[in-house]
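Down below is the structure, laid out as structure tokens.
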Amino acid sequence: MFYYIIALFVIALDQYTKWLIVKNFELGESVKVIEDFLYITSHRNRGAAWGILQGQMWFFYVITVIVIIGIIYYIQKEAKGKLLLGVSLGFMLGGAIGNFIDRVFRKEVVDFINTYIFGYDFPVFNIADSALVIGVGLLMIQMLLEEREAKKKEKS
Ligand SMILES: CCC[C@@H]1OC(=O)[C@@H](C)C[C@H](C)CCCCC(=O)CCC[C@@H](CC)/C=C/C=C(\COC)CC[C@@H](O)[C@@H](O)C[C@H](O)CNC1=O
């Protein structure tokens with residue numbers, strides 16, 4: 001149950017920040033936060049990461065529903081007592097639903113976090129994307145830890 005609260009928090013923060021951007025920024029308007037590193041730029045994306053598959057909304061609906069069902073199944077079956085796994089799934093669930101809401105109601109995703117990483121203008125993203133990437137990262141750490149545990153057991 002706790003993991004769904006993480007997802008709800010991610011969704012609330014994601015939708016609130018997107019609402020603020022839509023309300024206060026013209027499309028394309030950019031505000032400097034940290035010179036040459038971080039800007040808030042109002043951006044829309046009809047595709048997925050790096051703008052791939054522009055406009056393929058049905059594909060995104062199908063993929064996202066599969067991702068959401070898979071995560072809920074995993075939370076119910078596997079996350080019992082595994083805090084790191086549950087937290088990673090909660091983040092991913094919140095991120096997937098956050099972008100799904102945009103795709104259903106806006107037919108595009110609102111992005112606003114514009115960073116220049118080592119001078120490379122990284123694609124503008126949002127809280128939902130961040131939650132997804134953090135969730136994927138935590139999941140990988142969880143898998144590595146489990147694998148190491150298994151190896152230790154084999155040795156002992
Ligand atoms: C983060 C997944 C993207 C997110 O997937 C989702 O919604 C999921 C739930 C549904 C997708 C249809 C299915 C996954 C597609 C996989 C994918 O795309 C490869 C991902 C690689 C990833 C390594 C993990 C890099 C990261 C990139 C970015 C995020 O950096 C923080 C740049 C984001 C900007 O291009 C921004 O315009 C994107 C826009 O907000 C729409 N977002 C999505 O489609």
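The values are calculated or read from the model by the stated rules, or taken from the named source; none is laboratory data. These numbers were taken from a predicted model, which means no experiment stands behind them. Note that each Cβ is placed from the backbone with ideal geometry, even for glycine, and that neighbours are counted across all protein chains shown.
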Checklist (1) touching a residue at least 60 places away in the same chain (Cβ under 8 Å); (2) surrounded by 12 or more Cβ atoms within 10 Å (Cβ to Cβ); (3) more than 16 Å from residue 113 (Cα to Cα) applied to residue 64, failing item: (1)
Selected residue [among the aromatic types (Phe, Trp, Tyr) and within 14 Å of the ligand (Cβ to nearest atom)] from 61, 39, 74: 61
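Yes/no matrix, rows are residues, columns are (1) surrounded by 14 or more Cβ atoms within 10 Å (Cβ to Cβ); (2) in a helix (DSSP H, G or I); (3) touching an Asp or Glu at 6+ places or on another chain (Cβ under 9 Å):
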{"residue": "5", "(1), (2), (3)": "no, yes, no"}
{"residue": "11", "(1), (2), (3)": "yes, yes, no"}
{"residue": "15", "(1), (2), (3)": "yes, yes, yes"}
{"residue": "36", "(1), (2), (3)": "no, no, no"}
{"residue": "50", "(1), (2), (3)": "no, yes, no"}
{"residue": "53", "(1), (2), (3)": "yes, no, no"}
Tally, over segment 98-111, of residues that are among the charged types (D, E, K, R), exposed (fewer than 14 other Cβ atoms within 10 Å of the Cβ) and either near the ligand (Cβ under 8 Å from one of its atoms) or assigned to a helix (DSSP H, G or I) (or both): 0
Filter pass, residue 32 being loosely packed, with under 13 Cβ neighbours inside 10 Å and modelled with pLDDT of 95 or more: yes
Residue pairs meeting the criteria (Cβ under 7 Å; at least 6 apart or on separate chains; first without any contact (Cβ under 8 Å) to a residue 40 or more places away in the chain, in segment 45-56; second near the ligand (Cβ under 6 Å from one of its atoms) and not small (Gly, Ala, Ser)): 48/60
Tally of residues being near the ligand (Cβ under 10 Å from one of its atoms) and surrounded by 17 or more Cβ atoms within 10 Å (Cβ to Cβ) across segment 135-149: 1
Top-ranked residue in segment 67-92 [being free of Cβ contacts under 8 Å to residues at least 24 places away in the same chain and part of a helix (DSSP H, G or I); ranked as farthest from residue 11 (Cα to Cα)]: 77
Any hit, segment 112-134, residues being more than 30 Å from residue 46 (Cβ to Cβ) and part of a helix (DSSP H, G or I): no
Matching option when the condition is of a type outside the set (Ser, Thr, Tyr), modelled with pLDDT under 95 and under 18 Å from the mean Cα position of the chain (by Cα), among 55, 51, 70: 51
